[in-house]
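Novice: Pasting a structure below so you can have a look.
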Amino acid sequence: MRFSTAAAAFGLPLLAAAEGDFVQQYLGQAQALFNKYIPSPNRHDPVGAAEAKVGEMKMHTLTLSNWNETLFSNTKATSTTPDEWWVFITGGKKACFGRCEDTERAWNETAAKFAVTPGAPHTALLNCEDQPVLCHSWSSPPGALWAFEVLPAPNKVNVWVKGMNLTTTTSDDFAGMQKTIKEKGYNGTMYEHTGAFHPYHGFVANNGLAIPAGYAIWILNLVPSWAFMIGISMFSRYFVGRSARQTMETSGRQADAARAAPANRR
């Protein structure tokens with residue numbers, strides 16, 4: 001049989017394409033398996049977010065990729081008055097144990113009121129069920145209201161936090177809080193965030209560790225408690241066994257030295 005260079009040159013792309021389809025098939029299966037057992041750390045419904053943004057609520061949905069851009073979207077380089085953003089941290093059955101639904105509904109009603117109220121804060125929603133990495137990078141549990149006073153860099157961005165009552169909070173409570181803050185300021189109504197996980201000025205953010213820390217905490221939360229117990233047990237057994245072996249070896253050497261001493265004296 002004669003080997004045809006032209007046939008080989010024509011066949012190589014077909015072989016590569018076939019091999020690529022084969023690889024893509026298994027990659028697709030692996031991705032489906034991964035998504036089935038490992039939840040996504042960055043789920044987002046762009047259609048729902050767009051409807052909330054342009055609808056009567058005028059509310060933004062924060063994600064790992066857009067949160068900073070969103071909070072600074074109305075801030076100009078010459079701004080001297082803080083641009084206020086109120087962000088409600090919510091979650092579903094896993095992140096909030098199903099207890100955030102009523103307060104989230106009240107927050108949606110509040111966003112619609114703020115949208116037609118002059119001087120009211122911009123509103124946003126952060127769902128820890130869909131954005132666990134972002135929530136962990138802020139160390140923000142569901143059920144809390146975060147207020148950002150945004151100024152252009154390098155000015156400080158003040159962050160104020162208040163845990164909401166997930167049983168009784170209504171839209172009137174949010175509106176009343178906004179009225180009180182407008183009259184008296186944030187201090188005394190909400191708590192100023194000055195901790196290590198401050199999104200802009202905390203130790204974690206200043207050292208570029210916010211997102212890595214968010215991923216690390218998210219991954220640790222995926223590991224079941226029994227796996228940690230097994231790991232700790234294996235770890236302790238290894239070191240206890242190693243210490244016991246070293247003790248036995250030391251005792252053996254001492255015994256050998258003791259037996260050898262009388263022989264040397266003779």
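The values are calculated or read from the model by the stated rules, or taken from the named source; none is laboratory data. A quick note: this is a predicted structure, and the numbers were derived from the prediction, not measured. For neighbour counting, all protein chains shown are included, and Cβ atoms are generated from backbone atoms with ideal geometry for every residue, glycine included.
Novice: Tally time: how many residues in segment 58-75 are over 10 Å from Ala124 (Cα atoms), of a type outside the set (S, T, N, Q) and touching a strand residue (DSSP E or B) at 6+ places or on another chain (Cβ under 9 Å)?
Specialist: 1
Novice: Further, regarding this structure: Among the residues of segment 112-166, which ones are under 15 Å from the mean Cα position of the chain (by Cα) and closer than 18 Å to Val204 by Cα?
Specialist: Pro132, Val133, Leu134, Cys135, His136, Ser137, Trp138, Ser139, Ser140, Pro141
Novice: Which members of segment 51-71 meet the condition of being at pLDDT below 95 and either on the phi > 0 side of the Ramachandran plot or among the hydrophobic types (A, V, I, L, M, F, W, C) (or both)?
Specialist: Ala52, Val54, Met57, Lys58, Met59
Novice: Oh, and also: When you scan segment 182-212, how many residues do you find that are exposed (fewer than 15 other Cβ atoms within 10 Å of the Cβ) and under 20 Å from Ser65 (Cβ atoms)?
Specialist: Going through segment 182-212 one residue at a time, the tally reaches 2.
Novice: Kindly indicate which of Trp107, Trp85, Trp67 is more than 23 Å from Ile181 (Cα to Cα) and touching a helix residue (DSSP H, G or I) at 6+ places or on another chain (Cβ under 7 Å).
Specialist: Numbers: Trp107 fails: more than 23 Å from Ile181 (Cα to Cα); Trp85 fails: more than 23 Å from Ile181 (Cα to Cα).
Going through Trp107, Trp85, Trp67 in turn, just one is more than 23 Å from Ile181 (Cα to Cα) and touching a helix residue (DSSP H, G or I) at 6+ places or on another chain (Cβ under 7 Å): Trp67.
Novice: Moving on. Exactly one of these conditions fails for Asn74: (1) assigned to a loop (DSSP other than H, G, I, E, B); (2) modelled with pLDDT under 90. Give me its number.
Specialist: Evaluating Asn74 over (1) assigned to a loop (DSSP other than H, G, I, E, B); (2) modelled with pLDDT under 90 leaves (2) as the failure.
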